[in-house]
Structure formats: structure tokens, C-alpha cells
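Here, each number is a calculation from the coordinates, and none is a lab measurement. These numbers were taken from a predicted model, which means no experiment stands behind them. Here Cβ is always computed from backbone atoms with ideal geometry, including for glycine, and neighbour counts include all displayed protein chains.
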């Protein structure tokens, strides 16, 4: 009995010592959150103090933020006049009347977008408040991103931009009490949390100056910063809470390139706002990895879709700017702008990447109206011939490319990028209009004009022009194309059980027929309107908006649909899903297209991949 008591006491002492050692090594968690009132808003800190957690792989050579006055960039936006904005009172009576009519049209369209947002937001407030998403058919909430109120945080800046300030303040009060350690999940997607939550908080702070939003952003930034606590200082795909606290995280050896390489805008802006360079240092090391490997891939200038972050290698053979790779490229010219041009490596990396994309991935499809359009495809390295083989598959996610090339054309002074931007954006507008519903599918396959040129001029294979035109030929297309939806669409849940018509001419097959309320096409249309002032882009946006609303509307809000491959007038199959980017991106871009150019001017703001505007540092004279 005595021995048993001694053993029990000894065990208790060992456990206590172990706990003390762990707390000394890893930091003491907050057992109760701190409560403060910041400008009349109750702020509740998270229950775990990530900022004081001891790193397993501490940084000894912190990269400093670039210093100096920002460079003077070329003007990004079109030089709009009052006439362009349709609110001019000068000129003759006929001109005034036309401007007044155009202004009324744009106000009406802007209000239609605002109405769609209000319907969605009011339903979220009523049925799913503080949940990540609303199920827009069943009217229930669901948590898909850790239960950190993704829709609420993602919508903050859109509420402000659309003038819904009472709703904004209500949302801020809810955000101020989020506990980043209170989740039922063991891990979260680091990329999605960064672009939606951290980006949303920073943008809302930049717009409103509400200090509690920056406080919450710092909390979240401190937590996500621990994702870089790996042997290679590269971030993992999944942020695992237990591993982050114990210092046992590992970077992936085959993770999507976008996941680890699209964190720089948000982390850099957090450093700019707080003066703490540790966040910038984290993503600067990722940039150094990209720069070191850019010329050594199987397609020099661009990186494969999957990267080995653990060993800092880029040797995979699949290339794309679609899903899993997209925002890596988007962030290169945008980081050039956010850093005020003080790090010229971003500009160089952007030009080399965009040149290589144009050479290897862009293609002109064979289409019945011989439209002068481009699509981004995929490519695989052919070891046998040591060449890249183009796969003319188009993704809705790739529709951001037009806006990327257009913005880069202005920021980098590359006038030759603008025609590519126009053709890429027209390609997505064409794909929307091609289907009876007026909405393009998630993934479709086409016949590249370059394919036909290779067959007719085999000797020219090594010097083929991937953008060369070809004339529509029904027989030639039919010989190459499947004219019905690919069977995989029906077997993987992305097809539709209703009877289908033949695919629109110009579509070889549709691998994934769904529409997920995605923003990428309207994103590029927005950029082209702001960059060129061509009102045709506004007309294209309105046609797209009407088609999307008609195809996705539910009694509560708007839902993803299973298939766009339906005759006009047929009821779509709603999947009861409405991701937060419907609020943060899709509806925001539509709203901005029909708004004055001074609202989120691209000469003053840079938008992250979730359309959260971050304030650019500007040169002061």
C-alpha cells in the first residue's frame, strides 16, 4: 500500500514536470480569452496564444521588408471621363439625354446585383448566421472551413463596398468574437483560410479602418504563421492544429503549387500594417524557392501543378493555370504592385511566366463563328520526344487569365499582353453564350487549331503557332470531337439526369458540366472594363449576370447547379451549395462593373484571389 502511494505520487510529479517542460517549450495556452472593448465593439481573443508558441525551426536570418519610396507605376485604369461613366451633364441636349439614359441603365443593373446580394445575405443571416455557408435550397447552415464563419468574414468588404454599413457593423461585432482555436476539425486548408479569412479581415480593415478587424487578422496571422514551422520553412497543404502546437508539421512532397505559393499578398499586407516583418519573411522564402526553380522545370518559365515543398523541387510533368495552380501566377504581378515595385524579382518572374504560358498553354479553339478567341489549356511533358503535349481542355477556373494578362500589361508596361487579355476574356464570354442556359461548364474539351496545323504541316511541328486561326469545318471537327457529354460527367455526380441535347458546336466534350457560382469569368470582364473602358464588356457582364441568376435562383438565394448542358427553360438541378466566394467575388465583380471607376480603383488597390482589395502603397511627391 505504501509503495503504491509512493508510485502514485512519483507519477504525479513526473506528469507535472512534463507539463511544465511542454509549456516552457511550447508556450502556455490561454485558458480564458481576453475581453476588451475596442471603439465600442467587444473583442474576445482566441483561447490559444499562437504568438508566443516556440518554433521548432526558428528563423535566424529574417528577411526585411523592401525599403524605399514606391516606384511610379503606369496608370492601370482607363482614363475615364464623365461620359464614359454615363453621369456627364455637359454637352448638347442629345448627348446629355444619352448619358442620362445610359446612367439609368447602369444604376438599374447595379441595383439588380445589389438585390441578389441582399437576398443571399438576408437568408444567410436568418438561416446560417456564423456558419461557414448557407445551404440555399434546404435553408440550413454547414461548416466547411473550420466553422470560422467563412461567409461572414468573406463578405465584410462587399458589405462595405455596397454601402450596407449597418450589416457591416453587425458582422464586425460577430467577427470580433471568433475563436480561431474553437473548431471541431483537426486541420484546416491553409490556402483557403488565408485567402478567405485573413484576406477578408485585412481588406475590411483597409476599407473601414475598424481596429478590431486588424486585431483579429493578427491573431489569425500568428496562427497561420506556424504553418511555416517546417524543416524547409515551406507551408503544408493542411494546417494541422496538434502538429503545429507540437512542432511536428512537414511540408508536402507533392502539394498543389497554388496552395503554398498564393499566400504572399495577405502575409505581406499584414507585415505592412503591423510593421512586423515575420509574415513577409515567411512568404519571401517561398518566392525564393520559386525563383530558384523557375528555369529548371520541364517547361522553363512556369512551374508544374504539383511541387515538392519538402525538398524544394519542381520536377513534376503536368502544367496548367487552372485548378491547383492558378493563383500562383496571378500573385506575381500583384505582388509587384503591393510592394511598390521595390522587389524587381516579382516583375521578372511575372514576365517570364506569362511569356511561357502564352507559348505553351494558350490555344485558339476551332469554333463555328471563327471567333478570334483564346483558351488556356494543359500540357504534359513527353519524355520520349522531350516536348510538351498540349491538352486543349478549358476550365472555368482558368478564366481569370484575361484579367491577369490585362493587369500585367499595365503594371509591367507590356502592351503585347493586352491582345491576349482581350482574346482570353472573349473566349470565356463566348463559352457562356454558347450554352442555351448562358452559363459555361466547369471543364470542357475543344479542338485546338494548332492540332490541325500539325497534321497538315508536320514539318512545322517544332515551330507551330499555338494561336494560329483555323476555319470552321464541320466534318473535320466531327472527326475529332465527341458530340455528347463525356460519360465521366454522368458517373461522378457532375452530370445531369435530364435528357441532353448535342453539345454546342466547338465543344469536343464536357468532362464536368456543373456551374459552382464561380467568379473567374466576370473577374476578367471587370478587369477589361476598367482597363479599356469598352462598354461591350458591360453588356457582356449583364448577359452573364442574367443567365446566372435565372439558372441558379432558389427561394432563398442562389445555388450551384449540377449541369449547364440543358435546353433553355428546363429546371436546373440545384446542389444546395453556395460557397462564400459568391459574396466575396462573383457578386462583387458584377457590382463593380456597373459602378463608378473610383470605387476600388485599380490604381489604388490590388485584389487578392478572393477579390479582397488591399491598399497599394503609393508614391508621394
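Share of pairwise Cα-Cα distances greater than 17 Å in the range 306-378 is 58 percent (whole percent). Highest average first, the peptides 235-247, 174-186 ordered by how many other beta carbon atoms sit within 10 Å of their residues are 235-247, 174-186. Can you give me the angle between helix 326-338 and the longest principal axis of the chain, using Cα atoms only, in degrees from 0 to 90, rounded to the nearest 10? Relative to the chain, helix 326-338 is tipped by roughly 80 degrees. Spin-label model, residue 348 to residue 384: label points 7 Å out along the Cα-to-beta-carbon direction sit 3.8 nm apart.
Counted residue by residue at 0.36 nm each, then reduced by the alpha carbon distance between them, the extension gain from residue 274 to residue 359 reaches 26.5 nm.
The long axis of helix 2-26 is offset from the longest Cα principal axis of the chain by roughly 50 degrees.
When only Cα pairs below 8 angstrom with a gap of at least 6 residues are kept, the range 310-374 shows a relative contact order of 20 percent. Considering only alpha-carbon pairs that sit under 8 angstrom and 6 or more positions apart, the relative contact order computed for the chain is 16 percent. Translational diffusion of the chain, estimated by Stokes-Einstein from the Kirkwood radius over alpha carbon pairs at 4 °C in a medium of 1.567 mPa s, is 50 µm² per second.
Taking a ≥ b ≥ c as the square roots of the eigenvalues of the Cα gyration tensor of the range 135-184, is the shape rounded (a/c under 1.5), prolate (a/b larger than b/c) or oblate? Here the range 135-184 falls in the oblate category.
Once the C-beta distance of residue 107 and residue 166 is scaled by a Förster radius of 22 Å, the resulting FRET efficiency is 0.55 to the nearest 0.05. Spin-label model, residue 37/residue 604: points 7 Å from Cα along the beta carbon direction are separated by 3.3 nm.
Sorting 132-142, 317-327 by their mean Cβ neighbour count within 10 Å, with the most densely packed peptide first, gives 317-327, 132-142. Summarising the label geometry, the points placed 7 Å from Cα in the beta-carbon direction at residue 479 and residue 311 lie 4.5 nm from one another.
Computed from Cα atoms, the angle from the helix 344-360 axis to the main principal axis of the chain rounds to 40 degrees. Counted by neighbouring Cβ atoms within 10 Å, the residues 528, 162, 418 run from fewest to most as 418, 162, 528. Adding -39500 (n - 2.57) for every DSSP H run of four residues or longer, then dividing by how many residues the chain holds, sets the calculated 222 nm ellipticity at -13500 deg cm²/dmol. Computed over all pairs of different Cα atoms, the Kirkwood value for the hydrodynamic radius of the range 190-338 is 15.6 Å. Shape descriptor for the range 210-269: Rg over Rh equals 1.01 (Cα atoms; Rh from the Kirkwood inverse mean 1/r).
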